[in-house]
């Protein structure tokens, strides 16, 4: 929908609180006078419809994760729970019919998955002076940006539900955990390949997952698409789209899977371990049991806790409470091995030695239980919430029909809301603030786990979390 310089739209009527958009800091080098738009004291019904449609138009292209869902309209006066339906397949009928005898009829077995509706929203505030002096059509620009925000927000809500699915494939099944996925090496990287896709398709076929318009659908990040599309069997849309309507963001097909590309595809990113360092070097001994208890109130307790020195008063990293709960990868240089641990406590002695307490014993030098074991200066903790050595891990979703459900934008799903100058009554006694915003009611649910697969891989690139 194109921008409209509407002759009856009074921008004076739109525009703020704490984050009021004002003219402060905005340089206007254009000379001229403000031209009034008329004496209308509000939006006409025509303009309300225009801006509501404009918001939705700018939201929908971002709803990549919604376009393969079973969709249900938001119910009015139906409570906060929405029901998505799934039907069990009918069994085979291998018994021959008896001549002249009508067989017993069959019943459809419908399952129901319920999801709780939640509201989301945001708004922008304008000052009256900005609306009086600004050259740009601020309501149009705000609506466009808010529409994009709404679409990306609602898309992420669906994405997180889908990425919580139980069917996970790590690369081409070469490893069995996210933290073992590698990238950035000269060889043996776990990148997206045709083999990854073939294995996922095999799984869906064995689950009798129905296809969507003749193909399975895939949502993939551009970084993973880069790793995949060099395969000679890759087909671009112009090679097969004569009889197919393209999905939003569709980039191609391989192995009977149509791919939709989006930067909003899930990326698991491991943040730096501390504000000062991405990694922590082990500087001391690893103990199998807690052997040091500080003064009263600082005792970490007793039992099967393990600790490692990560710093001293002059070297290394301080043990701060922010480290507790962080996932770690321990690289044992002497054995060239990796272990996954979680920090359960942190303590700094009076002399300045820093320790972290771990949820499991570390193996150093390929030996477990030899206590104490001295680490080398090459032994390192990496952030462990993503791939090996903290490498970003990308989630690629492949799914069949009716794998999940979500709500429609229409019927109360997404609203455009404008509050005019002075609409706050005594809270805005001088008619100085106006707002434009969006509000949405949303729910998403996985309906049939067996009809979707999440492939986790590293990539040639890294982008950070999203």
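The values are calculated or read from the model by the stated rules, or taken from the named source; none is laboratory data. As the structure is a prediction and not an experimental result, all values here were calculated from the model. Heads up, the Cβs are rebuilt from the backbone with ideal geometry, glycines too, and the neighbour counts pull from every protein chain shown.
All of (1) surrounded by fewer than 17 Cβ atoms within 10 Å (Cβ to Cβ); (2) assigned by TED's automatic domain parsing to the domain that holds residue 62; (3) under 30 Å from residue 461 (Cβ atoms) hold for residue 180 with one exception: (2). Of the residues making up the range 35-60, those that are exposed (fewer than 15 other Cβ atoms within 10 Å of the Cβ) and either in a helix (DSSP H, G or I) or at pLDDT 85 or above (or both) number 6. Note on the range 376-402: among residues that are surrounded by 19 or more Cβ atoms within 10 Å (Cβ to Cβ), more than 18 Å from the chain's Cα centre (by Cα) and farther than 24 Å from residue 184 by Cβ, the one that is modelled with the lowest pLDDT is 402.
Taken across the range 411-419, residues that are outside the structural domain of residue 149 (by TED's automatic domain parsing), surrounded by fewer than 23 Cβ atoms within 10 Å (Cβ to Cβ) and closer than 30 Å to residue 88 by Cα do not occur at all.
Could you go through the range 436-452 and let me know if any residue there is closer than 26 Å to residue 183 by Cβ, assigned by TED's automatic domain parsing to the domain that holds residue 177 and modelled with pLDDT of 95 or more. Walk me through it before giving the result.
Going through the range 436-452, the residues closer than 26 Å to residue 183 by Cβ turn out to be 452.
When the remaining residues are screened for being assigned by TED's automatic domain parsing to the domain that holds residue 177, the result is 452.
Among the residues that remain, those that are also modelled with pLDDT of 95 or more are: 452.
Within the range 436-452, one or more residues are closer than 26 Å to residue 183 by Cβ, assigned by TED's automatic domain parsing to the domain that holds residue 177 and modelled with pLDDT of 95 or more.
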